[in-house]
1. Inside segment 259-277, can you point out the residues that are part of a strand (DSSP E or B) and of a type in the set (Gly, Ala, Ser)?
2. Looking only at segment 25-82, how many residues end up being acidic (Asp, Glu) and touching a helix residue (DSSP H, G or I) at 6+ places or on another chain (Cβ under 7 Å)?
3. Within the bounds of segment 262-271, is there any residue that is surrounded by fewer than 18 Cβ atoms within 10 Å (Cβ to Cβ) and under 22 Å from residue 310 (Cβ atoms)?
4. Would you tally the residues in segment 194-205 being away from the ligand (no atom under 14 Å from the Cβ), in contact (Cβ under 8 Å) with a residue 40 or more places away in the chain and open to solvent by 70 Å² or more (accessible area, probe 1.4 Å)?
5. Residues that are within 19 Å of residue 126 (Cα to Cα) and of a type outside the set (Gly, Ala, Ser): list the strands (runs of 3 or more DSSP E) wholly contained in segment 160-251 that include at least 3 such residues.
6. Residues of segment 211-226 being within 14 Å of the ligand (Cβ to nearest atom) and open to solvent by 50 Å² or more (accessible area, probe 1.4 Å), which ones?
7. Just to be sure, is residue 257 closer than 30 Å to residue 224 by Cα, open to solvent by 50 Å² or more (accessible area, probe 1.4 Å) and touching a strand residue (DSSP E or B) at 6+ places or on another chain (Cβ under 7 Å)?
8. Considering only residues of segment 176-188 that are within 14 Å of the ligand (Cβ to nearest atom) and in contact with a strand residue (DSSP E or B) (Cβ under 6 Å, 6 or more places away or on another chain), which is farthest from residue 221 (Cα to Cα)?
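The values are calculated or read from the model by the stated rules, or taken from the named source; none is laboratory data. Because the structure is predicted, anything quoted here is derived from the model rather than measured. Virtual Cβ from ideal backbone geometry, glycine too; neighbours counted across all protein chains shown. Surface accessibility is based on the protein's heavy atoms, side chains included, excluding ligands, DNA and RNA. Shrake-Rupley method; radii C 1.70, N 1.55, O 1.52, S 1.80 Å.
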Amino acid sequence: MREALDKLFREAKEALEKLAANVDRKKLEEFRVQMLGKKSRFTELLHSLGKMPPEERREMGQMINRARQEIETALEARITAANAASRQEKLQTERIDITMPGRQAPKGGLHPLNVVLADFIDIFQSMGFDVVDGPEIETDYYNFEALNVPADHPARDMQDTFYITDTLLLRTQTSAAQIRVMETRRPPIRMICPGRVFRADEVDATHSPVFHQVEGLVVDKGVTMCDLKGVLEQFAHEIYGPETKVRFRPSFFPFTEPSVEVDVSCAACGGAGCRICKGVGWIEILGAGMVHPRVLAGCGIDPEEYAGFAFGIGLDRLTTTRYKISDIRLLFENDKRFLEQFS
Ligand code: PHE
């Protein structure tokens, strides 16, 4: 038995020596199972102790355990060395150069419509207007009825409407927001409402079935056409520059009386006439007027006591003229090559 132990001890040591250069942890684990595990020869030897005479049993048992212990300690040392070596290797191969420049995230930019809208909001907020939101899906009542356009009114033909049901539609004008505001707030009211509007128009360089308006509304005691003129002139000067001229032409909208259309002198040619203004020197940018007394009354505001003005500005036209964009479709196609010019 002693011989068997010696032999085993020698073999184990040799096997371990062979593994000395090996830093593979897996191999070392295999060795542990083979040599020291439950089915190993060391264990077998321990089991066979039972067959020995009792007086030798104790000494033999201690020897086996000592031998086993020694192998185990040597193995642990190898494992520690292997771990250290593999950590070192990892440190070498996974070295990070912290002086290298980082990867830049691509920079986004605002859509030109949003750039103009942000300026727009700035200008009106500085004049004391607040910004409200209105639904894009509207009822016939808010989009037409309450704006003094009853069902059979010929003015409905001015705007080709996308109907969803008999009473639901995609709003054709942000003017619908006027009613919602006047129904829920009491004067003094000073608000703008930017948003998308929809009309069944053929698409071409100046028309799109989806476009953007900004509605403005002021209601207070003693508001006159002069106030409307002052506000719009101020706005035009801030958007297009102080030398810009503003022209008011009589017009018609069912919900304003009197009504005007407002032109600004063409920023591209200064009024001399060019391709952008189609040779006339003026560009129409908005419709406006004094809120019709019937519209005020319908919202529970006494037209004897209060007066108001409203305007609706086409944001797309404002954007194309400001950036000298020749085709409105560019604003909707989201071609990155186009959009990147504004970021
Ligand atoms: N809603 C009108 C349009 O879309 C513009 C407008 C707004 C006119 C407010 C007068 C007052 O054409």
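1. Matches in segment 259-277: 259, 265.
2. Residues flagged as acidic (Asp, Glu) and touching a helix residue (DSSP H, G or I) at 6+ places or on another chain (Cβ under 7 Å) within segment 25-82 amount to 1.
3. no
4. Total satisfying the criteria: 1.
5. 189-198, 210-220
6. Correct list: 225 only.
7. yes
8. 176
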